[in-house]
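Scroll down for the structure; my scribbles are underneath it.
Please treat every number below as a calculation from the coordinates, not as lab data. Bear in mind the structure is a predicted one, so any value in this text is a computation, not a measurement. In this analysis, Cβ positions are derived from the backbone assuming ideal geometry, glycine residues included, and neighbour counts consider all displayed protein chains.
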Amino acid sequence: MNVSLLDYGAGNLPSVERALQRLGARSERVSTSAGVANASALILPGVGHYGALIRALDRDGLRESLIAAIERGVPFLGICLGLQALFQKSEEAPDLRGLQILPGSVRVMSGAVKLPHMGWNQVQTKCESRLLEGIDSGAYFYFAHSYAAPYTGDEQALETRATCSYGGEFVAVAEKENIFAVQFHPEKSGDAGQRVLENFLRIAA
Amino acid sequence: MSLAHRIIPCLDTDGGRVVKGVNFVALRDAGDPVALARRYNAECADELVVLDIAASRDRRPTFLETIRKVAAELAIPLTAGGGIRTLDDARAVVRAGADKVTVNTAAVLRPGLISELSEEFGSQAVVLAIDAKRDGECWRVMTTGGRVSTDLEAVTWATKGAELGAGEILLTSVDRDGTQSGFDVALTAAISKQVMVPVIASGGARWPQHFAEIFREGAADAALAASIFHDGIQSIRSLKEFLASEKIQVRLPC
């Protein structure tokens, strides 16, 4: 199987490629609507500014093709900013519209904590997760972000499979049918991260 | 439940070899950055730093090649730096596989570099390295590998760096570096409690107790060391097991 990585200039794309390579998966970069339309599995990696990602999606007409692919059932994995893009909107670029696939919005992390939230933190499983299969609740993953989707319970209960706490509780893993998203960086999260990518590859196969 | 305290080995390289603080007698792979990276990745290191200590233009291609080879071995974050003077220098290092870039002397000479890097890569990718030396009641910022004194005070400079967009401070005590007499607790605490970004303490590590001390009393978010790991004096896994037994949160098991 070939995994298509959405290339809009994100810094962590090569890291994701290397991680997939280590798992023996083949990947290609796509940056056009046609590329997205032909994908059999999609990963949206992302570090940097929310506004830069959303503007790139809108500039290149990728928003529509991405949503169409997701609706067609193509397995999708959003990483970090790729998770944040799935929500309604973000405080980081309040004038822009997210992909609006998940309920809730992204806010700057708060509380008496240092930002960015950078380093290894524990992820607590909320309910059964296909992405976290074989990984214990409380496992450490690598995070590097200052914005997150606060976990509000009720409206997000269905999609939120795991959360992390830093200042407050936020969505760490979300799943909805063929849509998967993680706030941490599986490509930088050691064995636990490799397992998450392996699980995604198995689901997508 | 909170962030784990990070243990970060550092590879000081020159011309593709790990050079500083390495007892070459102890281990046959001690000078090979790729072999060391593989070992630390397997040994539970939380991150790896690779520095080009010569930082000369003509050796830059060799350094970039080192980053590429090291990155291929790692499933943990990689920070690289040494001689980063421009946005283009940083782009080359990131393209080669670094997740974060450190800047030191060039940022002192031109603080705007920090903002440029932060706008391009995000603040989580920008590490301001500060070499500080005791000067009366405060700490003086040193540049050029700790040799040249500046008129900047370290706490003030760290605060300014974070404001300009640095997402992390890599703080080296020039007084303690190479002494193996323990991290500089007073310096680290002064900066870590003042600055709202994570602080990596560096310089002076020898015993596991030094790490416990810098996390507890120095309020460090991460601790960096080189020779004690390279020489095999201290394994990262047993260090983390010690810290866990001291009730200091670390990433275990991994």
**Message:** Can you tell me what share of the DSSP beta bridges in the stretch A:2-204 is antiparallel? A percent to the nearest 5 is fine.
**Reply:** 60 percent
**Prompt:** Where the centroid of each part is defined by its Cα atoms, how far is the stretch A:125-182 from the stretch B:69-92 in Å?
**Reply:** 29 Å
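Using helices alone, what [θ] at 222 nm do you get for chain B, with -39,500 (n - 2.57) per DSSP H run of 4 or more residues, divided over all residues and rounded to the nearest 500? Mind showing how you got there, number by number?
On the way: 10 runs with 92 residues, N = 254.
Theoretical 222 nm ellipticity from helices: -10500 deg cm²/dmol.
I'd like the mean, over residues of B:116-123, of how many other protein chain beta carbons sit within 10 Å of each residue's own Cβ. Kindly include the intermediate steps, with their values, before the conclusion.
Numbers: counts 0, 0, 2, 3, 5, 4, 12, 7.
Rounded to a whole number, the mean comes out at 4.
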**Message:** Based on alpha-carbon centroids, what's the gap between the stretch B:107-126 and the stretch B:157-184 in Å, whole number please?
**Reply:** 17 Å
**Hits among aspartates and glutamates - C-alpha to C-alpha of B:Lys69 under 16 Å, sequence gap 8 or more where chains match** = A:Glu17, B:Asp12, B:Asp14, B:Asp29, B:Asp32, B:Glu47, B:Asp52, B:Asp99
**Message:** Rg/Rh for chain A to two decimals, with Rh computed the Kirkwood way over all alpha-carbon pairs.
**Reply:** 0.92
**Asked** Given the options B:Val19, B:Val94, B:Val148, which has the most mean-square fluctuation in a GNM of chain B, springs set between C-alpha atoms less than 10 angstrom apart?
**Response** B:Val148
**Item:** Beta bridge orientation in the protein assembly as shown: antiparallel %, DSSP, nearest 5
**Value:** 40 percent
**Fill in**
Total charge of the residues flanking B:Glu168 in space, meaning their Cβ is under 11 Å from its Cβ, with Lys and Arg +1 and Asp and Glu -1, is +1
**Request:** Treat the count of other C-beta atoms within 10 Å as a stand-in for reagent exposure and order A:Met1, B:Met142, A:Met109, A:Met118 from fewest to most.
**Result:** A:Met1, A:Met109, B:Met142, A:Met118
**Request:** Report, in whole Å, the centroid distance computed from the Cα atoms of the stretch A:38-60 and the stretch B:231-252.
**Result:** 39 Å
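Using the count of nearby Cβ atoms within 10 Å as a rough guide to exposure, how do A:Thr125, B:Thr179, B:Thr79 rank from fewest to most?
Values: A:Thr125 17, B:Thr179 13, B:Thr79 24.
Ascending number of Cβ neighbours within 10 Å: B:Thr179, A:Thr125, B:Thr79.
Between the DSSP loop rule and a limit of at most 16 other Cβ atoms within 10 Å, which GluC sites (Glu not before Pro) in the stretch B:99-185 are left? Provide the component values of the computation, followed by the final result.
On the way: sites: B:Glu116, B:Glu119, B:Glu120, B:Glu137, B:Glu153, B:Glu163, B:Glu168; in loops: B:Glu137.
Passing both the DSSP loop test and the Cβ count: B:Glu137.
Just want to confirm a number: the relative contact order over chain B, from Cα pairs under 8 angstrom separated by 6+ residues, in percent. If you can, show how the numbers build up before the last one.
Working: 545 pairs, mean separation 49.5, N = 254.
Value for chain B: 19 percent.
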**Fill in**
Counting only DSSP beta bridges fully inside the stretch B:6-245, the antiparallel percentage to nearest 5 is 25 percent
**Request:** Among the trypsin sites (Lys or Arg not before Pro) in the stretch B:50-127, which ones are in a DSSP loop with at most 16 other Cβ atoms within 10 Å of the Cβ? Mind listing them?
**Result:** B:Arg85
**Message:** In Å, what Kirkwood hydrodynamic radius results for the stretch B:6-245 from the alpha-carbon pair distances?
**Reply:** 17.6 Å
**Fill in**
The size of the Cβ-based charge dipole (Lys, Arg +1; Asp, Glu -1) of the protein assembly as shown about the Cα centre, to the nearest 20 debye, is 620 debye
**Length-normalised contact order of the stretch B:183-243 in % [C-alpha pairs under 8 Å, at least 6 apart]** = 36 percent
**Prompt:** How big is the convex hull of the Cα atoms of the stretch B:123-211, per residue, in Å³?
**Reply:** 97 Å³
